[in-house]
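Presented below is the structure to which this report refers.
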There are 2 protein chains.
Amino acid sequence: MAKTADTNEGTNQPHEPWKAFQARQRNSDTKRDAVLQTAAHLFLEHGYRRTSMSELGTRLKITKPALYYYFHNKEEILVECYRLGIAAIEQLLDKAAVSHGNGLNKVRAYVEAYAKAIVSFDFGRCVAMLDDAELSPKARREVRDLKRKIDMTIRSYVEEGIRDGSIAECHVKLASFALAGAVNWIGTWYRPDGALSADEIATQFADLLTQGLRANDAKVQVPKKPPTRKP
Amino acid sequence: MAKTADTNEGTNQPHEPWKAFQARQRNSDTKRDAVLQTAAHLFLEHGYRRTSMSELGTRLKITKPALYYYFHNKEEILVECYRLGIAAIEQLLDKAAVSHGNGLNKVRAYVEAYAKAIVSFDFGRCVAMLDDAELSPKARREVRDLKRKIDMTIRSYVEEGIRDGSIAECHVKLASFALAGAVNWIGTWYRPDGALSADEIATQFADLLTQGLRANDAKVQVPKKPPTRKP
């Protein structure tokens, strides 16, 4: 293990008490992670409101005081689930942006990455599925600020695509809402034990949302007024 | 008023008691409608759980017994809101199907009509927004059966489009989920007092979801593997 500024100078080994602290810390982190993962799972399964701290403790086989050692209340756990989900999604989106060319391809990569995040991680599904209206105003503001960063990323890709000519002129905000909506909605129907793989879902969504449903040679009839047909 | 089989034969006027009953009935229907409309509004504003029968009564300026004359409980009201919303959406979808040609155009008309229903009617927004997991198993089954009819309609249009060549080969179920998701999600961000008109939202969604984002001459790069670029 690399020696850090916190290790005991004069020997290559960290102080025993520090080592013990590190071990406890790691242990604590693991338990904290277990609390979060189990909570995310229960929130998604039964809803945030219907999940109690007692139930969470029972599921984790720890006492309530032990649970309250890690988090002061249920809301703190939910905010942390959001934070982890949004961080994971942002990481995927940054990766998508780096490895692709024009705006349209970045949007495609975004949809694919975001869909995969929702399908693959409980924390990602928390971002899409749980109702942040359950939170106190302060916590809600924090979560919405984080979510807004994701929205802004997708809008910037759509704008980039319009500028570089890969995306047709459109209402950027509405297009971004449509993309995010289609993907977020995955959380409402996706079942981890279902027949569709994460890759299948992500690729189909990316295709549909960038290329549309239209067959290459099909004409889309866009009626300005309702067509008047005689029977 | 047209004479009906229930009016008093021998005169052109219905019996006074029947007239009074009809008037009472109309009055009762109007009040029942008012209960439903106010309930839908409160459910959307504060959430179903947080809306109590007392609050509903206060808002309507009627006593609790008067409210319970119309509905036995809050769940009955929610189920009726869903029913009205789904009926309105179905009517719009049927109209969309009649007045358009190929499968792609039907999908376009569907997206436009569905988006308008969500934006224009509180009952439509209830269908998209409220969590049917709040319902008892029996009521939930009823609401989900109704929703499934909408899903089946959109799937049938996508299948029709693939058959008639207007829609590119795709995973019908996933494509339908993406369409419905983008539209349902409108409920989460739409504000009746916002800057965007119902028509603007509906048309943009219809365009994006049928034609995609892609500019006509843009190529979409679909990487089979993540591209390996050297810095």
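The values are calculated or read from the model by the stated rules, or taken from the named source; none is laboratory data. Predicted, not measured: the structure shown is a model, and the values here were computed from it. A quick note on method: Cβ atoms are made from the backbone with ideal geometry, for glycine too, and the neighbour counts reach across all protein chains shown. Protein only, heavy atoms only, side chains kept; ligands, DNA and RNA dropped before computing areas. Shrake-Rupley method; radii C 1.70, N 1.55, O 1.52, S 1.80 Å.
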Exercise. From (1) modelled with pLDDT under 90; (2) facing chain A (nearest Cβ under 10 Å), pick out the condition that doesn't hold for B:K147.
Key: (2)
Practice problem: Examine the range B:126-139 for a residue that is of a type in the set (G, A, S), closer than 23 Å to B:L36 by Cβ and at the interface with chain A (Cβ under 9 Å from one of its Cβ atoms), and state whether such a residue exists. | Solution: yes
Quiz item: From the list A:D151, A:D122, which one is surrounded by fewer than 21 Cβ atoms within 10 Å (Cβ to Cβ) and acidic (D, E)?
Solution: A:D151
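So is A:G161 without any contact (Cβ under 8 Å) to a residue 40 or more places away in the chain, open to solvent by less than 40 Å² (accessible area, probe 1.4 Å) and in a helix (DSSP H, G or I) or not?
For A:G161, the condition - without any contact (Cβ under 8 Å) to a residue 40 or more places away in the chain, open to solvent by less than 40 Å² (accessible area, probe 1.4 Å) and in a helix (DSSP H, G or I) - is not met.
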Quiz item: A:A117: open to solvent by less than 30 Å² (accessible area, probe 1.4 Å) and within 26 Å of B:M129 (Cα to Cα), yes or no?
Solution: yes
Quiz item: Checking B:R108 against (1) closer than 27 Å to B:R49 by Cβ; (2) at pLDDT 90 or above; (3) surrounded by 21 or more Cβ atoms within 10 Å (Cβ to Cβ), which test does it fail?
Solution: (1)
Quiz item: Limited to the range B:6-56, what total is found for residues that are open to solvent by 100 Å² or more (accessible area, probe 1.4 Å) and at pLDDT 90 or above?
Solution: 1
Quiz item: Looking at (1) in a loop (DSSP other than H, G, I, E, B); (2) open to solvent by less than 20 Å² (accessible area, probe 1.4 Å); (3) of a type outside the set (K, R), which is the one condition that is false for B:H72?
Solution: (2)
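Each row is one residue, and each column tells you yes or no for (1) modelled with pLDDT under 90; (2) outside any loop (DSSP other than H, G, I, E, B); (3) over 16 Å from the mean Cα position of the chain (by Cα).
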{"site": "A:R125", "(1), (2), (3)": "yes, yes, no"}
{"site": "A:M152", "(1), (2), (3)": "no, yes, no"}
{"site": "A:A175", "(1), (2), (3)": "no, yes, yes"}
{"site": "A:R191", "(1), (2), (3)": "yes, no, yes"}
Exercise. Might you check whether a residue that is at pLDDT below 85, farther than 27 Å from A:G47 by Cβ, in a helix (DSSP H, G or I) and in contact with a helix residue (DSSP H, G or I) (Cβ under 6 Å, 6 or more places away or on another chain) occurs anywhere in the range B:60-67?
Key: no
Exercise. Select from the range A:87-102 the residues that are within 9 Å of chain B (Cβ to nearest Cβ) and assigned to a helix (DSSP H, G or I) and write down the one among them that is most open to solvent (accessible area, probe 1.4 Å).
Key: A:K95
Exercise. Within the range B:59-80, identify whether any single residue is within 13 Å of chain A (Cβ to nearest Cβ) and among the polar types (S, T, N, Q), and answer yes or no.
Key: no
